[in-house]
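What follows is a single structure, written as structure tokens, with notes after it.
The values are calculated or read from the model by the stated rules, or taken from the named source; none is laboratory data. What you see is a predicted model, and the numbers here were worked out from it, not measured in a lab. For neighbour counting, all protein chains shown are included, and Cβ atoms are generated from backbone atoms with ideal geometry for every residue, glycine included.
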Amino acid sequence: ELKRAKNFNAGPSALPLEVLQQAQQEIVDFKGTGMSIMEMSHRSKTYEDVHNEAQELLRELMGIPENYHILFLQGGASLQFSMIPMNFLQRGQAAGYVLTGSWSEKALKEAQLLGETFIAASTKEGNYRRIPSLDELQYDQNAAYLHITTNNTIFGTEWSEYPDTGNVPLIADMSSDILSRPIDVSKFALIYAGAQKNLGPSGVTLVIIRDDLVERGTQDIPTMLKYSTHAKNNSLYNTPPTFGIYMLGLVAKWVKQQGGVEAIYKRNLAKAQLIYDVIDASNGFYLGHAEKNSRSLMNITFRLKTEELEKKFLEESKQQGFVGLNGHRSVGGCRASTYNPVPVESCIALKEFMEEFQKKNG
Ligand code: PMP
């Protein structure tokens, strides 16, 4: 019998079993070609269809308007931290960053190397327990762009509404909540996400970028670091991460089969609720990190009263087949990442384990 872990890894993380099984079937002979997708030319018609189909599925699922390019890049979300200011932070302008966690800090740090920046809001004081309200954001219409991190993987907070930034391009790191809830793409000038949480394996970075921004980008920077290079060449300027893009396409097809983003969102709400309910009913045995109205549906962060108890919790969880419940190495504590592919059954099992653990140790 197939034994699958109850996988709550923060990324790379669980993939849908159906996707893995299809990839397994196709790995020695993709559609009668006698080879895997990894072994064929990225200039072949067979590969090109896979590449374009993945884009089309994303466009349909996320409702991406026609005036946006969908790019498959490399270098992770971390390279986007640099490419964004390289392309869009011109002399005489300043770029605004909203600090909601470690990843926004890292994004800001890269921009500081390249030009003028400012902090449009920060919730660092109070240890990133919340998302700022929209009226806390401070920036003017001359800003080069405003950067936000829609889900904070380490602290477990998530934006539930996004600012209307007028003429200021809104740029979002959606690495840990892309495709998990319906969003209005037209509010954003650029969206980026490493694939390894909701979209597929690591190695592909999805970038969704509005046409006018592509045109506006700095031209005297290295070819591979210009969005225009990749937009003009449909992400085939050089060899793309073909296997990762194929997997991303399979994951997108799976999301569609599940009923699309709206259905996935409903399921994500229910999954997260199962675990937040245990925290809220625990009389302080489990201490949630995020303020309630900033809670993430993707990363549920909590602590126990003592480090010894946390250690015991994590050890026992491992014995019961749970994987990845430890918090990020920078903050400790516990974290359950409940991305799209994590099945409801895993969340029910976690809820029961948490209740049982409290009974025995409370
Ligand atoms: N942004 C966020 C919100 C993340 O969660 C991560 C990775 N966990 C990154 C950026 C960095 O992504 P990568 O490892 O793909 O560079």
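Couple of notes before you dig in:
- Just one of the listed residues (GLY217, GLY200) is under 30 Å from ALA290 (Cβ atoms), touching a residue at least 60 places away in the same chain (Cβ under 8 Å) and assigned by TED's automatic domain parsing to the domain that holds GLN24, and it is GLY200.
- Among the residues listed as ILE64, ILE84, the single one being surrounded by 15 or more Cβ atoms within 10 Å (Cβ to Cβ), in the same structural domain as LYS31 (by TED's automatic domain parsing) and part of a loop (DSSP other than H, G, I, E, B): ILE64
- Any hit, the range 154-165, residues being under 16 Å from ILE64 (Cβ atoms) and surrounded by fewer than 22 Cβ atoms within 10 Å (Cβ to Cβ): yes
- Within the range 145-157, the residues that satisfy the criterion of being assigned to a strand (DSSP E or B) and either within 16 Å of the ligand (Cβ to nearest atom) or of a type in the set (Asp, Glu) (or both) are HIS147, ILE148, THR149, ASN151, ASN152, THR157.
- Matching residues, the range 1-57, being part of a helix (DSSP H, G or I) and among the small types (Gly, Ala, Ser): ALA23, ALA54
To keep it simple, each residue is scored yes or no on (1) in a strand (DSSP E or B); (2) in the same structural domain as PHE188 (by TED's automatic domain parsing); (3) within 16 Å of the ligand (Cβ to nearest atom); (4) closer than 25 Å to SER296 by Cα.
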{"residue": "ALA120", "(1), (2), (3), (4)": "yes, yes, no, yes"}
{"residue": "TYR128", "(1), (2), (3), (4)": "no, yes, yes, yes"}
{"residue": "ALA143", "(1), (2), (3), (4)": "no, yes, no, no"}
{"residue": "TYR162", "(1), (2), (3), (4)": "no, yes, yes, yes"}
{"residue": "THR165", "(1), (2), (3), (4)": "no, yes, no, yes"}
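- Being under 23 Å from the mean Cα position of the chain (by Cα), assigned to a loop (DSSP other than H, G, I, E, B) and acidic (Asp, Glu) is a condition met by no residue of the range 97-109.
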